[in-house]
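Colleague: Sharing a structure here in structure tokens format.
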Amino acid sequence: MMSGPLSGKTIVVGVTGSIAAFKAPQIVTRLVGQGANVVVIMTENATRFVTPLTFETLSGNAVVVDMFPDRNTGVTSLEDAASRPERLRHVHLAEATDLAIVAPATANIIGKMANGVADDFLSTELLAMTCPTIMAPAMNVRMMESDVVRENVEKLKARGVIFAEAEVGRLASGVVGKGRLADPESIAGIALELLLPKQDLVGRRVVVSAGPTREPVDPVRFIGNRSSGKMGYALAERALRRGGDVVLVSGPSSLEPPHGVEYIRVETAVEMLGAVMKSFAEADLLIMAAAPADYRPAEPSDVKIKKTTDRLTLELVRTDDILSEAAGARREGQGIVGFALETNAELEEGRRKLAEKDLDIIVVNNPLVDDAGFDTDTNVAAILTRSGRELELAKMPKKDLADVILTEAINELGWGQRR
Ligand code: CTP
């Protein structure tokens, strides 16, 4: 296999029955040339336009057409495919796939995908996949513009499917209109963009705080909170992927720190304050995704507290607000992103805290919304910026939200233009 920027990535290219299938080999060639492991899945109709052998030769992998080996069209089944190339052995294709591209995509596959129909190998795989998907439609202009196709396309877009829009041109029918497959180069270009992280944090030092803190009551007990650290760890990972030097200051969390970050493990809010201030002094950006305690026991006991009384009163004192301390010490050009957990009037509260704490960005989320907040893999958030941008985001994986937050921070700080 060739090596290149896409080395280690598995891309499924689905080819369906349109005359434009003759252009699909160019997409495969381009992706293989960039180092990707490309597995082509064809519908039976597609095999009437291009032979599987063409794709097998270009990709170096068996081409899958049929669900079942006994109904073979002269082409390999997944089982054969899995037993042949080393790269697929023991790995379920849907799980191993980093990106799926359907090019050309007929009205039929678009309709099936939009409605959850799985009646051949390609449609079944598409349903089973959780990776990003690019659809490159190609069809007759009247089909393209029919209400049902348009509705199906809208449905898929709403679910996050990316469309390489069909171009206007002379179609197979001789008519000039919209329906011609997007240029294979540009389809491969979208794939590259999706799979290769932007390198827009190169030369930037980013401090991310994550997780809860533990405030000791005595040698065996503490006051803590439900923060899991997932949001902060996702931010650290994505900032690293985008080329940043990342310091992760983390309270107790069961997560593995992303490989390549400078990891500082802390226990209490006081320790977190120390670690954050020290690393922020040399950094360009601070993202406070942690949930440090607002109060700690005033005088933690040196010995285990015995249950000798019916009532026990713990006196708590305020901890320092790390965000405000950092904002107070900031140098010109340093950026600060804060979080806020609000259960009502989220935007209003967010605006108030953004201004009060002198932040560049505040990410507001409501832990009472389903699939948001502590220890979930998804979040529902709004992002407010100093310059007045307000984004109310749909539910998304924390890793994707991390990328959106980083992009907003980079734009807000004007870092995009300089490099
Ligand atoms: N934070 C901090 N230092 C603390 C506590 C919180 O820097 N001791 C940061 C968190 O990392 C997060 C933001 O402040 O970025 C969270 O603020 P939030 O808990 O929503 O509200 P508060 O500002 O603490 O205000 P209130 O409790 O009044 O809502």
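The values are calculated or read from the model by the stated rules, or taken from the named source; none is laboratory data. The structure displayed is predicted, hence computed values, not measured ones. Positions of Cβ are generated from backbone atoms using ideal geometry, with glycine treated the same way; all protein chains shown enter the neighbour counts. Surface areas here come from the heavy atoms of the whole protein model, side chains and all, with no ligands, DNA or RNA. Shrake-Rupley method; radii C 1.70, N 1.55, O 1.52, S 1.80 Å.
Colleague: If I ask for residues that are under 16 Å from MET288 (Cα atoms) and either among the polar types (S, T, N, Q) or in a loop (DSSP other than H, G, I, E, B) (or both), which ones from the range 193-224 would you list?
Modeller: Just the residues of the range 193-224 that are under 16 Å from MET288 (Cα atoms), to begin with: 205-213.
Correct list: SER209, GLY211, THR213.
Colleague: I would also like to ask the following. Collect the residues in the range 319-330 that are within 10 Å of the ligand (Cβ to nearest atom) and touching a helix residue (DSSP H, G or I) at 6+ places or on another chain (Cβ under 7 Å), keeping them in residue-number order.
Modeller: If we filter the range 319-330 for residues that are within 10 Å of the ligand (Cβ to nearest atom), which is where we start, we get 319-327.
Matches in the range 319-330: THR319, ASP320, ILE322, GLU325, ALA326.
Colleague: Which of the residues spanning the range 314-331 are within 15 Å of ASP360 (Cα to Cα) and assigned to a loop (DSSP other than H, G, I, E, B)?
Modeller: Matches in the range 314-331: ARG330, ARG331.
Colleague: A further question follows. Determine whether ARG242 is within 15 Å of the ligand (Cβ to nearest atom) and modelled with pLDDT under 95.
Modeller: So ARG242 fails the test.
Colleague: May I pose another question? Within the range 296-313, take every residue that is in a loop (DSSP other than H, G, I, E, B) and in contact with a strand residue (DSSP E or B) (Cβ under 6 Å, 6 or more places away or on another chain) and give me the one that is nearest to the ligand (Cβ to nearest atom).
Modeller: ALA298
A quick yes/no check of all residues on (1) open to solvent by 40 Å² or more (accessible area, probe 1.4 Å); (2) of a type outside the set (A, V, I, L, M); (3) more than 8 Å from the ligand (Cβ to nearest atom):
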residue: GLU332; (1), (2), (3): yes, yes, yes
residue: GLY335; (1), (2), (3): no, yes, yes
residue: LYS353; (1), (2), (3): yes, yes, no
residue: LEU359; (1), (2), (3): no, no, yes
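Colleague: Can you tell me which residue within the range 17-29, out of those that are surrounded by fewer than 19 Cβ atoms within 10 Å (Cβ to Cβ) and under 30 Å from the mean Cα position of the chain (by Cα), is farthest from VAL102 (Cα to Cα)?
Modeller: Restricting to residues being surrounded by fewer than 19 Cβ atoms within 10 Å (Cβ to Cβ) and under 30 Å from the mean Cα position of the chain (by Cα), the top hit is THR29.
Colleague: Assess whether MET143 counts as being in contact (Cβ under 8 Å) with a residue 24 or more places away in the chain, crowded, with 19+ Cβ neighbours inside 10 Å and not in a loop (DSSP other than H, G, I, E, B).
Modeller: So MET143 does not fit the description; no.
Colleague: Of the conditions (1) under 29 Å from ILE405 (Cα atoms); (2) open to solvent by 20 Å² or more (accessible area, probe 1.4 Å); (3) within 16 Å of the ligand (Cβ to nearest atom), LEU316 fails just one. Which one is it?
Modeller: With respect to (1) under 29 Å from ILE405 (Cα atoms); (2) open to solvent by 20 Å² or more (accessible area, probe 1.4 Å); (3) within 16 Å of the ligand (Cβ to nearest atom), LEU316 is out only on (1).
Colleague: Name the residues in the range 233-277 that are more than 12 Å from VAL206 (Cα to Cα) and small (Gly, Ala, Ser), would you?
Modeller: ALA234, SER250, GLY251, SER253, SER254, GLY260, ALA269, GLY274, ALA275
Colleague: Pick out the one residue from LYS178, LYS157 that is open to solvent by 20 Å² or more (accessible area, probe 1.4 Å), of a type in the set (D, E, K, R) and assigned to a strand (DSSP E or B).
Modeller: Going through LYS178, LYS157 in turn, the sole match is LYS178.
Colleague: Being of a type in the set (S, T, N, Q), more than 12 Å from the ligand (Cβ to nearest atom) and surrounded by 19 or more Cβ atoms within 10 Å (Cβ to Cβ) narrows it down to one of ASN365, ASN379, so name that one.
Modeller: ASN379
Colleague: Output the number of the condition that LEU347 fails; it satisfies all remaining conditions of (1) open to solvent by less than 90 Å² (accessible area, probe 1.4 Å); (2) assigned to a loop (DSSP other than H, G, I, E, B); (3) farther than 23 Å from ASP245 by Cβ; (4) away from the ligand (no atom under 13 Å from the Cβ).
Modeller: (2)
Colleague: (1) open to solvent by 60 Å² or more (accessible area, probe 1.4 Å); (2) within 16 Å of the ligand (Cβ to nearest atom); (3) among the small types (Gly, Ala, Ser): which one isn't true of ALA394, the others all being true?
Modeller: Unmet condition: (2).
Colleague: When you scan the range 249-267, do you find a residue that is in a strand (DSSP E or B) and open to solvent by less than 10 Å² (accessible area, probe 1.4 Å), even just one? First the steps, then the outcome.
Modeller: From the range 249-267, those in a strand (DSSP E or B) are 249-250, 262-265; that's our starting set.
Narrowing the set further to residues that are open to solvent by less than 10 Å² (accessible area, probe 1.4 Å) leaves 249-250.
Scanning the range 249-267, I find at least one residue that is in a strand (DSSP E or B) and open to solvent by less than 10 Å² (accessible area, probe 1.4 Å), so the answer is yes.
Colleague: Okay, next question. Pairs please, first residue from the range 364-378 and free of Cβ contacts under 8 Å to residues at least 24 places away in the same chain, second anywhere and charged (D, E, K, R), Cβ atoms under 6 Å, 6+ apart in sequence or on different chains.
Modeller: THR378/ASP371; THR378/LYS395
Colleague: Let me ask something additional. ALA293 - would you say it is over 30 Å from VAL369 (Cβ atoms), at pLDDT 95 or above, within 16 Å of the ligand (Cβ to nearest atom) and assigned to a loop (DSSP other than H, G, I, E, B)?
Modeller: Considered against the rule, which asks whether it is over 30 Å from VAL369 (Cβ atoms), at pLDDT 95 or above, within 16 Å of the ligand (Cβ to nearest atom) and assigned to a loop (DSSP other than H, G, I, E, B), ALA293 comes out as no.
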